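Below you'll find the structure, written out as structure tokens, and then a few comments.
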Amino acid sequence: MGSYIATIHGQDATLARNLAATCTTCHGTNGNARGDMKVLAGMPADTIVALLNGYKSGAVTGTIMHQLAKGYTDEQIKLIAGHFAAQKPKP
């Protein structure tokens, strides 16, 4: 997880935030989803990377995530994961 966090605090912080912004419609601002949607804020980066790669490969099914994940490079997935891991979940 540390390498993902270190990456977002470097020059890619803006890119990470911008990539993660595409997730807000379903997963809420900074990953603090409401209702039944998965909360991403504070989730370990390795877990998010594994989930997104599972969607990307088709090993994990979802309503739209398998299509969205295919649009990201491995580096972009790491940036997104690091961004959400660094967020504070709301109580």
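The values are calculated or read from the model by the stated rules, or taken from the named source; none is laboratory data. All figures in this text were calculated on a predicted structure; none of them were measured in a lab. For neighbour counting, all protein chains shown are included, and Cβ atoms are generated from backbone atoms with ideal geometry for every residue, glycine included. Calculation scope for accessible area: heavy atoms of the full protein, side chains included, ligands and nucleic acids excluded. Shrake-Rupley method; radii C 1.70, N 1.55, O 1.52, S 1.80 Å.
Here are the numbers for this structure:
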| quantity | calculated |
| --- | --- |
| Given (1) part of a loop (DSSP other than H, G, I, E, B); (2) without any contact (Cβ under 8 Å) to a residue 40 or more places away in the chain; (3) of a type outside the set (S, T, N, Q), number of the condition residue 55 does not satisfy | (1) |
| Candidate set from the range 12-37 (those that are in a helix (DSSP H, G or I) and small (Gly, Ala, Ser)); member that is surrounded by the most Cβ atoms within 10 Å (Cβ to Cβ) | 31 |
| Residue count for the range 38-91, restricted to those that are touching a helix residue (DSSP H, G or I) at 6+ places or on another chain (Cβ under 6 Å) and open to solvent by 80 Å² or more (accessible area, probe 1.4 Å) | 2 |
| Residue among 28, 2 that is more than 10 Å from the chain's Cα centre (by Cα), farther than 18 Å from residue 73 by Cα and at pLDDT 90 or above | 28 |
